[in-house]
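Each value in this text was obtained by applying a stated rule to the coordinates, not by laboratory testing. Only a predicted model underlies this, so the values are computations on that prediction, with no experimental measurement involved. Glycine also receives a Cβ, built like all others from the backbone with ideal geometry; neighbour counts cover every protein chain displayed.
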Amino acid sequence: MLRFVVSRLIGGLVTVALGMVFVFFLVRLIPGDPIGLLLEQAGSPETEMALRRLYGLDQPLPMQLANWFGAVVQGDLGVGIISRQPVLPEVLARIPRTLYLMAGGVVVTLLIAIPMGIVAAVNHRRWQDGAAMTVTTLLLAIPQFFLGILVIILFAVTLHWLPATGYINPTTDPGGSLRSMILPWLTIGLTASAFISRVLRSSMLDALGQDYTRTARSHGLSEPQVNIRHALPNAALPAVTVIGLQIGHLLGGAIVVEKVFSYPGMGSLIVNSITQRDYPTIQASILFFIVAFVIVNFLTDISYGLLDPRVRRR
């Protein structure tokens with residue numbers, strides 16, 4: 001098991017390093033000059049050169065990349081070109097908000113996906129199965145931003161049940177925070193649960209057709225016992241992998257959800273910094289998503305290894 005964990009850890013570190021290289025050069029492809037945007041054509045050439053030296057933009061790209069790697073290893077994410085403030089405090093202030101958004105979204109996803117997948121599988125070729133597959137197909141076809149707009153129109157504008165946008169600190173007003181988060185969580189959960197429930201349905205159907213489930217029935221176990229105690233644990237193996245991948249997908253979808261609901265998290269920070277060509281802030285923000293995705297996949301691999309001993313021996 002230790003060898004399995006170490007190999008996954010090394011792979012994760014390599015992925016982060018490659019992701020940093022990719023992000024660094026991708027950011028440089030964004031049209032526009034951050035220093036020119038900052039000066040707005042009002043600065044002198046001397047001021048422009050001084051700012052480029054200050055942010056290290058006067059050096060060759062390989063040197064800039066090496067300096068960024070060295071700074072990140074030391075915990076320095078740089079200084080924002082627009083704000084002229086260290087990027088790290090801003091990122092640390094927004095990370096808990098995005099994690100709060102994602103944690104609630106994952107909970108809603110599982111609360112929807114697991115029952116829907118089980119009900120569809122145990123009622124194969126019945127109306128429940130058809131209804132579940134129709135709903136998941138619609139959810140997969142609707143873009144996430146449009147789904148967010150739909151839930152805002154329904155629950156906030158039409159029914160006046162929930163606030164449409166905004167963020168309330170859960171430590172200061174837990175009830176108000178919960179009400180303000182329901183619609184973003186629902187948007188995330190509906191989108192992600194569609195694919196997970198379909199995978200769980202397929203794996204449950206396969207498990208229900210295996211010899212061990214037929215043996216369990218022959219021993220007098222009820223259908224709920226067969227489904228929950230025997231079929232579901234085996235069907236959970238492929239679903240665990242899909243859940244890990246979907247969480248990574250949700251991290252990217254958080255950018256859309258945060259903009260739709262005016263949520264002050266990492267997603268909105270990325271969008272704002274891109275419009276301002278703020279290289280250090282863009283790099284730091286996307287680095288957070290890369291690290292978060294790698295951590296989620298690392299935990300998914302470990303969970304898969306714990307559930308299936310054959311994986312640990314590979």
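Numerical summary
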quantity: MRE, 222 nm, helices only [DSSP H, n ≥ 4, -39500 (n - 2.57), over the chain, to nearest 500]; calculated: -24500 deg cm²/dmol
quantity: Neighbourhood net charge (15 Å Cβ-Cβ; Lys/Arg +1, Asp/Glu -1) for residue 80; calculated: 0
quantity: Total formal charge among the other residues, if their Cβ is under 14 angstrom from that of residue 63, Lys/Arg +1 and Asp/Glu -1; calculated: +2
quantity: Set of region 251-271 residues, backbone N closer than 18 Å to the point 7 Å along the Cα-Cβ line of residue 173; calculated: 261-265
quantity: 0 to 90° range, to nearest 10: angle between helix 232-260 axis and the chain longest Cα axis; calculated: 30
quantity: Angle between the chain longest axis and helix 87-122 axis [Cα atoms, degrees, rounded to 10]; calculated: 20
quantity: Residue 225 versus residue 54: modelled label distance in nm, points set 7 Å from Cα along the beta carbon direction; calculated: 7.4
quantity: Stokes-Einstein D in µm²/s, Kirkwood radius over Cα pairs - region 54-150 at 20 °C with 1.002 mPa s viscosity; calculated: 118
quantity: Dipole magnitude of region 67-221 about its Cα centre (Cβ charges: Lys, Arg +1; Asp, Glu -1), debye to nearest 20; calculated: 340
